[in-house]
Every structure is written in C-alpha cells, then in structure tokens.
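*Asks:* My structure is below; once you've seen it, I'll send some questions.
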Amino acid sequence: MGAGPLDDTRFVGYRRKLIEDIRARGIDDLETLQYFDRVPRHLFLPEGVRPRAYEDAPIPIGFGQTASQPSLQAYYLSLLQPQRTEKVLEIGTGSGFLTALLALCSDRVYSVERVRELSVRARVALDAMAVQNVALMVGDGTIGWKKYQPFNVIVVSAGGPSIPSALVDQLADGGRMLIPVGGRDSQELVHVRKTGFLVTEDVVKDDVTFVPLLGQFAWKAEGG
Ligand code: SAH
C-alpha cells in the first residue's frame, strides 16, 4: 500500500504518550505495554477520528459502536495473560484493535462480530498489519464458536445481563474469561476461571461501561 498509514511517523510520539497514560492507570506489565507499542491504533479507526486514536478513551467507530478504552484493554491482557501456545475467542471484534493485540500474544484468535461492516473493516486493518493468525466471523457471539472450542482465553467486549452458558462450556480446562455483566448502562467486569469441573466467578472491577451485548443469550437487538 505504498506510503501507507503504517509509515505515519506522526503517530509514534502519541503512541508513547498513550503507553505512559496506561502505566499511570496502574498497568505496569511490561509485555502488555510492549504490545501496545506494536499496534498502530489509528489504523483501526475511521479516518475522521484518527487524530484521537491515542487518547485513552473509547472512540466511536460507527454503527452505534465504540472502540474500547485502551487502558481497559491493557487490563484485560495483563489479567488474562494469553500465552503464545493458546487459543483465544473474542466476542465483539469492533475495530479489531484488541484482536490485533491478542494475535501478537497468542497462537490464534477467533473473533466474532455481529455488524458485518465492522468485521470487514477490521480485516482490512489486520491485513495492513500482515496479521495472519486471526479468523473472523460475522454472527452472534453469545453462542460462542463451537467449531474451534475449547478456548484457553475468552474476551467479551460488550456487556450483557448474564454470562452466556455456551461461553463457559467452550472454555478449556485452565481457561479464563473476562466479561462485563450487569445493566445496559453500567456493568461489573467478571473474571471466570475453569479448573476441571470447577468454575469460579470473581468481580474484578465495578462500574465499567461497555456497549450492549446483543444476541440470543443477551439483550435483544430490536426495540432499544
Ligand atoms: N474491542 C473492540 C470493542 C468494540 S465494541 C474495540 O476496541 O474496537 C463491542 C462490539 O461488540 C461492537 O462492535 C458490537 O457490534 C459487538 N457485539 C455486540 N453484541 C455482539 C454479539 N452478540 N456477538 C458479536 N459481537 C457483538
């Protein structure tokens, strides 16, 4: 793509600043911070909001959706610690930014998004970064992705009223998941861990705000 956005040096300084902002929020896991240095977030955002790509803020990406706040995504990575041998399921590809981060730290990422246009855009950005270990699907992530189960790590980037049981079923032994659970406007972040037949759920953060998880085992899409 010639002198594409990857070559855009304007953003390098902003990216360093973002990493400082993430550290200031208490995330000091070096590996996690290095992943943020390697993924150009502006590539994953629509033209109009690119100047804001390195703010530690949720950014609108169209279709009523937002790219999540980077420090919250850093928290996901530092808590879940996906390993290079592990398989990850992501629900809510959105911009594809977290997908790219997950692709760097794991063996393979399977990511489901309900809005086709977002999935297509995410693919374009992932291709621009030459990311090859990501499979994208358009569909309802509340039923998981049975074909490729079990997953060592599941990340859910939208909030529902409860934890869809298919996601717990599709967790591997030793698997862990982060999912926002609660009301439409505010949720708690729940850390689910599976060891053998034992499943534990711990609230690790109060009062987080994600876009609604819409689907068969979450909020209904029509009628608000
Ligand atoms: N990590 C992404 C977050 C995007 S917002 C980013 O930083 O860009 C959450 C996304 O979840 C939205 O794109 C929304 O369309 C999607 N979503 C909501 N419910 C879904 C479902 N049941 N299955 C798959 N994707 C869903």
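*Asks:* Tell me the residue from Glu31, Glu90, Glu55, Glu20 that is modelled with pLDDT of 95 or more, away from the ligand (no atom under 16 Å from the Cβ) and either farther than 24 Å from Ile154 by Cα or under 16 Å from the mean Cα position of the chain (by Cα) (or both), please.
*Replies:* So the residue among Glu31, Glu90, Glu55, Glu20 that is modelled with pLDDT of 95 or more, away from the ligand (no atom under 16 Å from the Cβ) and either farther than 24 Å from Ile154 by Cα or under 16 Å from the mean Cα position of the chain (by Cα) (or both) is Glu20.
*Asks:* Please work out if Ser95 is within 9 Å of the ligand (Cβ to nearest atom) and open to solvent by 10 Å² or more (accessible area, probe 1.4 Å).
*Replies:* It is true that Ser95 is within 9 Å of the ligand (Cβ to nearest atom) and open to solvent by 10 Å² or more (accessible area, probe 1.4 Å).
*Asks:* Helices (runs of 4 or more DSSP H) wholly in the range 70-170 with at least 3 residues that are farther than 24 Å from Gly182 by Cα - which ones?
*Replies:* Output list reads 97-105, 116-128.
*Asks:* Which residue out of Ala103, Ala122 is within 15 Å of the ligand (Cβ to nearest atom), in contact (Cβ under 8 Å) with a residue 60 or more places away in the chain and crowded, with 18+ Cβ neighbours inside 10 Å?
*Replies:* Result: Ala122 is the single residue among Ala103, Ala122 that is within 15 Å of the ligand (Cβ to nearest atom), in contact (Cβ under 8 Å) with a residue 60 or more places away in the chain and crowded, with 18+ Cβ neighbours inside 10 Å.
*Asks:* Another question, then. Report, ordered by the first and then the second residue, all pairs with beta carbons closer than 9 Å, sequence separation of six or more or different chains, a first member in the range 199-220 that is among the β-branched types (Val, Ile, Thr) and near the ligand (Cβ under 7 Å from one of its atoms), and a second member that is at pLDDT 95 or above and not in a strand (DSSP E or B).
*Replies:* Once the first residue is among the β-branched types (Val, Ile, Thr) and near the ligand (Cβ under 7 Å from one of its atoms) and sits in the range 199-220, its partners that are at pLDDT 95 or above and not in a strand (DSSP E or B) give Val211/Pro58; Val211/Gly64; Val211/Ser68; Val211/Gly92; Val211/Gly94; Val211/Ser157; Val211/Ala158.
*Asks:* Next question. So which residues in the range 60-69 are farther than 12 Å from Phe210 by Cα and crowded, with 20+ Cβ neighbours inside 10 Å, if there are any at all?
*Replies:* Selection gives Ile61 alone.
*Asks:* Run down Gly175, Gly182, Gly196, Gly144 and say which single residue is in contact (Cβ under 8 Å) with a residue 12 or more places away in the chain, touching a Lys or Arg at 6+ places or on another chain (Cβ under 8 Å) and open to solvent by less than 70 Å² (accessible area, probe 1.4 Å). Lay out the reasoning, then the answer.
*Replies:* Details: Gly182 fails: touching a Lys or Arg at 6+ places or on another chain (Cβ under 8 Å); Gly196 fails: touching a Lys or Arg at 6+ places or on another chain (Cβ under 8 Å); Gly144 fails: touching a Lys or Arg at 6+ places or on another chain (Cβ under 8 Å).
Exactly one of Gly175, Gly182, Gly196, Gly144 is in contact (Cβ under 8 Å) with a residue 12 or more places away in the chain, touching a Lys or Arg at 6+ places or on another chain (Cβ under 8 Å) and open to solvent by less than 70 Å² (accessible area, probe 1.4 Å), namely Gly175.
The values are calculated or read from the model by the stated rules, or taken from the named source; none is laboratory data. In this text, all values refer to a predicted model and were calculated from it rather than measured experimentally. Note: ideal-geometry Cβ built from the backbone for every residue, glycine included; neighbour counts use all protein chains shown. Keep in mind that these areas ignore ligands, DNA and RNA; they rest on the heavy atoms of the full protein, side chains included. Shrake-Rupley method; radii C 1.70, N 1.55, O 1.52, S 1.80 Å.
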